[in-house]
Amino acid sequence: MPRTVLVTGATGYIAKHIVLQLLERGDRVRGSVRSEKRAGDLRASLQTALSDPTKLHNLSTVTLDLTSDDGWDAAMVDVDAVIHTASPFPLVQPKDENEVIRPAVDGALRALRAAQAAGVRRVVLTSSAVAVITAVRPSNGRAYTEADWSDASSPAATPYAKSKTLAERAAWDFVRDSGGSIDLTCINPTLVVGPPLDLDYGTSIEVIERVLRAKDPMLPNVGFGTVDVRDVATAHVQALDVPESIGQRVLINDRFMWFADMARAVKTALPDRKIVTRVAPDFVVRFLGLFDRSIATIRNDLGKSLSIDTTRARELLGIAFRDTRQSVGETARWLVDKGRV
Ligand code: NAP
């Protein structure tokens, strides 16, 4: 029986892959956008990506903003489940942290309140690994698990990390107080890589774009957990079908990659291209961070590797993670093919 799934932030890099997978499997999707123009962009990119473009008939759109109450109740009518992905994800952290925290937290609560009012029980929320790993270290070098929570009050937490941690906390608090009316799963991906569906891609792909531009003489000694966007989308869609995921957070990650590992993956995919793989001494990055806010963001992560336990994603949601070294290479080739770099 096809379901109708409301996907908020449907124009996002990850959400477009979620919408694609839902439409491919025959579900009806109501995608939320911020404007009519964005609705047209969304339809155009899905038209190209779908194996059968007639499936686009199952897509409708509604206009919603995380910062306004308008339209949320109407958006929930006849909806079977909500996948709430919308949240600001800026490359450069804003001076005023509330520019990202307020839409993230208020938006999550708007989605949950409207779902509850309409009797929509099932909600999957796109949280982030930054709600798990920020400013906390598991003891004895063990891997991070879903039991770990970031410390949003730490000075080391960026506005974005705070926004995701506080939004996820607010969502679980809402569920706890909702008298059992909402069945929530949170999906917590690490840095998402892999080919976008169109040229309107988000912040995470800009990391690979930066490697490809090869303008930085050296790379900072930082790294990230990484996961393919198609696996992130599958995790959201699978969660809808797996009742055991209700009440759970699920970390989604393939592997930790240093910036230099990413650069090497790009070089392997594009051997003729000049790619910088030299790593900058940490003191240089710390110094540059005094002047450049995009660099300041990574100062606390210099030299820190991490490991993440993904048993839940593999065993509960059945995710067999793609190798993100391949995903990074594929993304780099895609960016070059599209003339972006
Ligand atoms: P993205 O491409 O920037 O998508 C963000 C989406 O949120 C867009 O559809 C955007 O709309 C929408 N949005 C932002 N502010 C909004 C507002 N005030 N009202 C309504 N919609 C708003 O980023 P993404 O990478 O796909 O991220 C999607 C979700 O995954 C976010 O919750 C993010 O925190 C989470 N996540 C991302 C990563 C990653 O590495 N990419 C990792 C972990 C978690 P417009 O298109 O109109 O701007």
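The values are calculated or read from the model by the stated rules, or taken from the named source; none is laboratory data. Given the structure is predicted, the values throughout are model-derived calculations rather than measurements. Positions of Cβ are backbone-derived with ideal geometry, glycine not excepted, and every protein chain shown enters the neighbour counts. For accessibility, only protein heavy atoms count, side chains too; no ligands or nucleic acids. Shrake-Rupley method; radii C 1.70, N 1.55, O 1.52, S 1.80 Å.
Quick notes on this one:
- On full extension, the segment bounded by LEU290 and LYS274 gains 2.9 nm, given 0.36 nm per residue less the C-alpha separation.
- Protection proxy ranking for 152-161, 82-91, using the average of other Cβ atoms within 10 Å per residue and placing the highest first: 82-91, 152-161.
- Net charge dipole, region 8-146: roughly 340 debye, given to the nearest 20, about the Cα centre with Cβ charges of +1 for Lys and Arg and -1 for Asp and Glu.
- Take 257-270, 6-19 and order them by the average number of nearby Cβ atoms within 10 Å per residue, most first; the result is 6-19, 257-270.
- Relative packing of peptides 275-288, 166-179 - highest average C-beta neighbours within 10 Å first: 166-179, 275-288
- Listed residues LEU240, ILE275, PHE224: farthest to the positive end of the dipole of region 190-283 (Cβ charges): ILE275
- Under 5 Å, built H, 5+ apart or other chain: amide partners of GLY9: SER32, ALA86
- Average accessible surface area per residue within region 102-219, 1.4 Å rolling probe, Å²: 37
- Cβ-based charge dipole, region 218-341, positive-most Cα from THR311, VAL250, PHE291: PHE291
- Here the alpha carbons of region 220-273 define both size measures, Rg and Dmax, at 15.6, 48 Å.
- Förster radius 45 Å - calculated FRET efficiency between LYS95 and ARG176, Cβ distance, rounded to 0.05: 0.85
- Both radii are taken from the alpha-carbon atoms of region 202-341; with Rh as the Kirkwood radius, Rg/Rh is 1.02.
- Sulfur and carbon atoms: percent of accessible area, region 49-144 [1.4 Å]: 49
- With one equal scatterer per alpha carbon and no solvent term, the Debye-computed log10 I(q)/I(0) for region 140-179 at 0.21, 0.22 1/Å reads -0.76, -0.80.
- Test item: Cα-centred dipole of region 200-341, Lys/Arg +1 and Asp/Glu -1 on Cβ, debye: 600
- Whole-angstrom gap from region 214-291 to region 130-186, using each part's C-alpha centre: 20
- In straight-distance terms, cross-link reach from LYS274 covers every one of the lysines whose alpha-carbon lies under 26 Å from its own, apart from those fewer than eight places away in the same chain; here that gives LYS215, LYS338.
- Charged-residue dipole, Cβ positions (Lys, Arg, Asp, Glu), the chain about Cα centre, Debye nearest 20: 880
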